[in-house]
Amino acid sequence: MNGEGSVSGEGWVSGEGSVSGEGSVSGEGSVSGELEPEALAERIAQIASDRKALDVRVLDLRGVVAYTDFFVVCSGNTERQTKAIHDAVHQELKHSDGLLPRRAEGAREARWILLDYLDCVVHIFTPQAREFYRLENLWGEVPARSVV
């Protein structure tokens, strides 16, 4: 289905959509560990949502790019909040799942923070940076869903 849509429970919608529901998955490992890529993306999205991240979106890039399977994109109201979301994702995955990002960028400025967990890349923006870069528009045709 292309265009606007809404799904409750599990499922992907091409274009815009939303999914309601909660869940958590645990695993062990180093970078992407034992978590399947989709479970990792959902876990990251839930951690961000728990930290009051705004407009949390999971983009399914499988079959579109070779370097990752999912993007998790979200916003914090301020640079302080984007840093808090970053810290929560990093600490929760490190302590609960033994996962560390392969690379982290932008935490000092906290306008656009990137955490690369290989199978899942996390983008945490301030609202102004998200509007400026419009990352979701670059991937507008990939299956995406909102986490609520």
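The values are calculated or read from the model by the stated rules, or taken from the named source; none is laboratory data. A quick note: this is a predicted structure, and the numbers were derived from the prediction, not measured. Cβ placement follows ideal geometry from the backbone for every residue including glycine, while neighbour counts extend to all protein chains displayed.
So, in region 116-148, of the ones that are β-branched (Val, Ile, Thr) and buried (at least 17 other Cβ atoms within 10 Å of the Cβ), which residue ends up farthest from Arg80 (Cα to Cα)?
Checking each candidate, the answer is Val142.
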Seminar exercise, completed: Across (1) more than 17 Å from Asp116 (Cα to Cα); (2) loosely packed, with under 14 Cβ neighbours inside 10 Å; (3) of a type in the set (Gly, Ala, Ser), Ser49 clears everything bar (2)
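Please work out which residue is nearest to Arg62 (Cα to Cα), limiting yourself to region 130-144 and to residues that are among the acidic types (Asp, Glu) and assigned to a helix (DSSP H, G or I). Give the steps one after another, and end with the answer.
Of region 130-144, the ones among the acidic types (Asp, Glu) are 131, 136, 141.
If we keep only those that are assigned to a helix (DSSP H, G or I) as well, we get 131, 136.
On the way: Glu131: 25, Glu136: 15 Å.
Restricting to residues being among the acidic types (Asp, Glu) and assigned to a helix (DSSP H, G or I), the top hit is Glu136.
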Exercise. In region 39-55, how many are in contact (Cβ under 8 Å) with a residue 40 or more places away in the chain and assigned to a helix (DSSP H, G or I)?
Worked result: 10
For this session: Could you identify the single residue in Val58, Val65, Val72, Val89 that is among the β-branched types (Val, Ile, Thr) and in contact (Cβ under 8 Å) with a residue 60 or more places away in the chain?
Result: Val58
Exercise. Across region 84-109, what is the number of residues that are in contact with a strand residue (DSSP E or B) (Cβ under 8 Å, 6 or more places away or on another chain) and not in a strand (DSSP E or B)?
Worked result: 8
For this session: Could you list all residues from region 61-79 that are under 14 Å from Ala144 (Cβ atoms) and part of a strand (DSSP E or B)?
Result: Phe70, Phe71, Val72, Val73, Cys74
For this session: Please list, ordered by first then second residue, the pairs with beta carbon atoms under 6 Å, 6 or more apart or interchain, first in region 104-115 and surrounded by 17 or more Cβ atoms within 10 Å (Cβ to Cβ) and at pLDDT 95 or above, second assigned to a strand (DSSP E or B) and among the small types (Gly, Ala, Ser).
Result: Leu115/Ala104
